[in-house]
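Everything on this sheet refers to the single structure shown next.
The values are calculated or read from the model by the stated rules, or taken from the named source; none is laboratory data. Every value quoted in this text rests on a predicted model; they were computed, and no experiment measured them. Neighbour counts are summed over all protein chains in view; Cβ atoms, including those assigned to glycine, are modelled from backbone coordinates with ideal geometry.
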Amino acid sequence: MTEIGIGILGGGYMGKAHAVAMASVGAVFNTALRPRLEMVCASSTGSAERYRAAYGFARATEDWQVLVNDPAVEAIVIATPQSTHRPVAEAAFALGKPVFCEKPLGVSLTDSRAMMAAAEASGCVNMVGFNYIRTPASQFARQLIAAGEIGEVTWFRGEHTEDFYADPKAPATWRTTGMANGTMGDLAPHMINGALALVGPIKSLIAEVETVHATRPGGTVDNDDQAQIMCRFASGAMGQMFFSRVATGRKMGYSYEINGTKGAIRFDQEDQNALWLYKMDGAEATRGFAKILTGPAHPDYEPFCQGPGHGTGYQDQIIIEAKDFLTAIHSGQSAWPTFRDGMQVNQIVAAALASSASKTWQDVSTF
């Protein structure tokens, strides 16, 4: 086993999740590289020191350049707002350091392309954090599709819906300012990444993006509440996606349905330890969707628990990401999804926004 010094930028919601993951991943997966929580960076000296003490880091700083340039920080996790991603990643790659960056990769397609170029020019390991597609159930769904178990995919429907802004009386915050903080910048990238992972590249699309509540207590809203995309995959499959932060009653509505010529798959993140599989086998009278409970036979499950049906949770998805990032560093080969994969998500978001503005179909390759 070899230690590796980890620096994490951001100590809030995702910063904490990554700190916990790095602290436990070695014990869960017996990784060859064992993380050492070397330094955490936050927006002020006080908050950085608070995170250091709470999460077990050796040191803290309020200056991201101090963290990136420190020789004891050997790999970097970016868990700060999108507007900060590019300069940090470019500086890290210039020093030859591996980077894990939370989604979406960049605040814009321009930034994402620049970050991808920097990653690939450096040859450093790079990875983007799309955690939901890493549940054992969704990993198994990918395996089933790749193995042809449901035949040729003909149709895909995906959504990422939540209701944290369903109440029109909820006050305006940083989330209601700037397109990067709207639904297309926040929730949509997860399901777009899921669609690419499950069905493959998207060739063309038409989209509608809208703000449902233009004003809220304390200010106006200048970004989007919900959006829908109709698309055609490069494989020829037809697709639909819906994203919303005003979907009343939905808490973690990352779900999808996939139809194939030999079967179908259904999944809902609110029941993340189950996958529903339909196969056109046997007599019609006995056919139906079978509920598959995840267990040790499914990807990345057994290291957490040896009992089927006991389940994994949100934090476990981040631990799986940490394992994949460390394995990539150890092997010298980047793990999916790379910065190029992250850029492709930004590319589809850009095409969708352009489509909504023009009310026309868009060829994704032109973006």
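A few notes on this one:
- Any pair with Cβ under 7 angstrom, 6 or more apart, that starts in the stretch 219-231 at a residue that is under 16 Å from Met191 (Cα atoms) and ends at one that is at pLDDT 95 or above and assigned to a loop (DSSP other than H, G, I, E, B): Asp225/Tyr165; Asp225/Thr211; Asp225/Val212; Asp225/His213; Asp225/Arg245; Asp225/Val246; Gln226/Val212; Gln226/Val246
- Per the listing Ala114, Ala72, the residue uniquely touching a residue at least 12 places away in the same chain (Cβ under 8 Å) and within 26 Å of Leu187 (Cβ to Cβ) is Ala114.
- Positions within the stretch 36-93 being under 25 Å from the mean Cα position of the chain (by Cα) and polar (S, T, N, Q), in sequence order: Ser43, Thr80, Gln82, Ser83, Thr84
- For the stretch 13-25, the tally of residues that are surrounded by fewer than 19 Cβ atoms within 10 Å (Cβ to Cβ) and more than 17 Å from the chain's Cα centre (by Cα) stands at 3.
- Any hit, the stretch 70-90, residues being modelled with pLDDT under 95, within 22 Å of Val345 (Cα to Cα) and surrounded by 19 or more Cβ atoms within 10 Å (Cβ to Cβ): yes
- Taking the stretch 250-290 as the range and being of a type in the set (Ser, Thr, Tyr) and at positive phi as the test, no residue passes.
- Filtered residues of the stretch 351-367 (kept if closer than 16 Å to Arg113 by Cβ and in a loop (DSSP other than H, G, I, E, B)): Phe367
- Of residues in the stretch 192-203 being in contact with a Ser or Thr (Cβ under 9 Å, 6 or more places away or on another chain) and in contact (Cβ under 8 Å) with a residue 60 or more places away in the chain, the one surrounded by the fewest Cβ atoms within 10 Å (Cβ to Cβ): Pro201
- Top-ranked residue in the stretch 214-246 [being small (Gly, Ala, Ser) and under 20 Å from the mean Cα position of the chain (by Cα); ranked as surrounded by the most Cβ atoms within 10 Å (Cβ to Cβ)]: Ser244
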